[in-house]
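Enquirer: First, the structure itself, so that you have it in front of you.
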Amino acid sequence: MKVVLQKSYGDANVLYLGEGEDPVPGAGQVLIRVVTTSVNRPDIVQREGNYPPPKGESDVLGLEVAGIIATVGEGVTKWQEGDRVMGLVGGGAYAELALAWASHLMPVPGRLSWAEAACICETYITAHLNLFQCPGLENGQSALLHGGGGGVNTAAIQLCQALNPDSPLFVTASAKKTERVAALGATHVINYQSQDFAAVIKDLTKGRGVDVILDHIGAPYLASNLKSLAINGTLVLIGVMGGVKSELNLAQLMVRRQKIVGSVLRPRPLAEKARIIARFADDVLNLFKERQIIPLVDQVFPLEDVCKAHQMMESSEHFGKLVLQVDQTQDVQ
């Protein structure tokens, strides 16, 4: 099979399209003929050598797949050959064939294109998990989302609009993306390049702060995040793009009864991920079917242009998701 390999750890140019052995599904697994996958920020971190796959998972890049089941493993009864599916994988999606746990898959709703299906699992499940499953954002509660036009952030905006339409939504974005973020449904968009988001939040909320903050920047934002957080509020950290170390005023944390939650999806136990995916499917999948949420596809690249896709991800020029088309015989849009 064709598969994206890498010569070493490093920049996007270490990636190349090569040949690999076809994987064989074990008990509880299925083999998927991949039609599309997508580029996610963790792919960049893994390519650089800083995010190894969980034990037993493929070391090939790629955390989500959309495709057609080719073979089912022992004990799999929910799926059969020919089913259109999308799902999370621990690795291996940048290939013509990929293994997935049967319990980590969902059916592709009939009105979704293959490009759209490739955008759902990593970003929308991440956003749903860290807003609605834990800490459990309720309708009417406010949230601050960092990330501008990135995949998780745009997914989070759409989910909040659909599931919590009465919740005030504050979003930070670069100057060139503020208008598009506002059009997507943010209540207030803060230009982080020219504004102090903590000061803006304090002013807009009359000093109260927000109930939930979803952040992937980490250390540089910690102090400002806690200033922006309401009493009993929760800061959910899903990334550390800006750094991993920062000082924390524990007294203020205690007095304001605030919570800091760290969250990573990929290394969780299989059964726990299955429960997370099932909850997401129950709450959200019908919204895609009815086109109440439409995944944002910025650009589709053929698999051989994976280097260009990674370079665009790193430039942060995209708005929404970057898709890799693996099967060139399929109409993906």
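Let's see how each residue does on (1) in a helix (DSSP H, G or I); (2) surrounded by 16 or more Cβ atoms within 10 Å (Cβ to Cβ); (3) not charged (D, E, K, R):
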| position | (1), (2), (3) |
| --- | --- |
| L129 | yes, yes, yes |
| N139 | no, no, yes |
| N153 | yes, yes, yes |
| A182 | yes, no, yes |
| V200 | yes, yes, yes |
| D203 | yes, no, no |
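Enquirer: List pairs: first residue in the range 111-129 and more than 18 Å from L214 (Cα to Cα), second residue surrounded by 24 or more Cβ atoms within 10 Å (Cβ to Cβ) and of a type in the set (S, T, Y) anywhere in the structure, Cβ distance under 8 angstrom, at least six positions apart or on different chains.
Expert: What qualifies is W114/T36; A115/T36; A117/T36; A118/T36; A118/T37; A118/S38; C119/S38.
Let's see how each residue does on (1) under 26 Å from D283 (Cβ atoms); (2) in contact with a Phe, Trp or Tyr (Cβ under 9 Å, 6 or more places away or on another chain); (3) not in a helix (DSSP H, G or I):
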site: V171; (1), (2), (3): yes, no, yes
site: K177; (1), (2), (3): no, yes, no
site: G207; (1), (2), (3): no, no, yes
site: S224; (1), (2), (3): no, yes, no
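Enquirer: Continuing with this model, one more query. Can you name the number of the only condition in (1) in a loop (DSSP other than H, G, I, E, B); (2) free of Cβ contacts under 8 Å to residues at least 24 places away in the same chain; (3) over 25 Å from V240 (Cβ atoms) that G18 fails?
Expert: (1)
Enquirer: Another one. All but one of (1) out of contact with any helix residue (DSSP H, G or I) (no Cβ under 8 Å at 6 or more places or on another chain); (2) more than 19 Å from C307 (Cβ to Cβ); (3) among the aliphatic types (A, V, I, L, M) hold for L5; state the number of the condition that does not hold.
Expert: Tallying (1) out of contact with any helix residue (DSSP H, G or I) (no Cβ under 8 Å at 6 or more places or on another chain); (2) more than 19 Å from C307 (Cβ to Cβ); (3) among the aliphatic types (A, V, I, L, M), L5 fails exactly one: (2).
Enquirer: For G20, work out the one condition from (1) under 22 Å from the mean Cα position of the chain (by Cα); (2) among the small types (G, A, S); (3) within 18 Å of L97 (Cβ to Cβ) it doesn't fulfil.
Expert: Looking at each condition in turn, G20 falls short on (1).
Enquirer: Looking at G92, G110 in this structure, which one is of a type in the set (G, A, S) and either outside the structural domain of G56 (by TED's automatic domain parsing) or buried (at least 24 other Cβ atoms within 10 Å of the Cβ) (or both)?
Expert: The unique qualifying residue is G92.
Enquirer: Could you count how many residues in the range 63-90 are farther than 14 Å from T123 by Cβ, touching a residue at least 40 places away in the same chain (Cβ under 8 Å) and part of a loop (DSSP other than H, G, I, E, B)?
Expert: Selection size over the range 63-90: 6.
Enquirer: If you don't mind, another one. With the condition kept exactly as written, say whether any residue in the range 142-161 is over 22 Å from the mean Cα position of the chain (by Cα) and not assigned by TED's automatic domain parsing to the domain that holds E64.
Expert: Looking for residues that are over 22 Å from the mean Cα position of the chain (by Cα) and not assigned by TED's automatic domain parsing to the domain that holds E64, one finds none in the range 142-161, hence no.
Enquirer: At least 1 residues that are within 22 Å of L129 (Cβ to Cβ) and more than 16 Å from the chain's Cα centre (by Cα) in each: list the strands (runs of 3 or more DSSP E) lying fully within the range 236-333 that qualify.
Expert: 259-262
Enquirer: Enumerate the pairs (first residue in the range 308-333 and farther than 19 Å from A156 by Cα; second residue anywhere and acidic (D, E) and part of a loop (DSSP other than H, G, I, E, B)) with beta-carbon separation below 9 Å, excluding pairs fewer than 6 apart on the same chain, so at least 6 apart or on different chains.
Expert: Here the result reads H310/D11; Q311/D11; E314/D11; V326/E96; D327/E96, each pair linking the range 308-333 to a residue that is acidic (D, E) and part of a loop (DSSP other than H, G, I, E, B).
Enquirer: State all residues of the range 191-234 that are out of contact with any His (no Cβ under 7 Å at 6 or more places or on another chain) and β-branched (V, I, T); if no residue qualifies, say none.
Expert: V200, I201, T205, V210, V212, I213, I231, T234
The values are calculated or read from the model by the stated rules, or taken from the named source; none is laboratory data. Please read these numbers as outputs of a predicted model, since none were measured by experiment. Here Cβ is always computed from backbone atoms with ideal geometry, including for glycine, and neighbour counts include all displayed protein chains.
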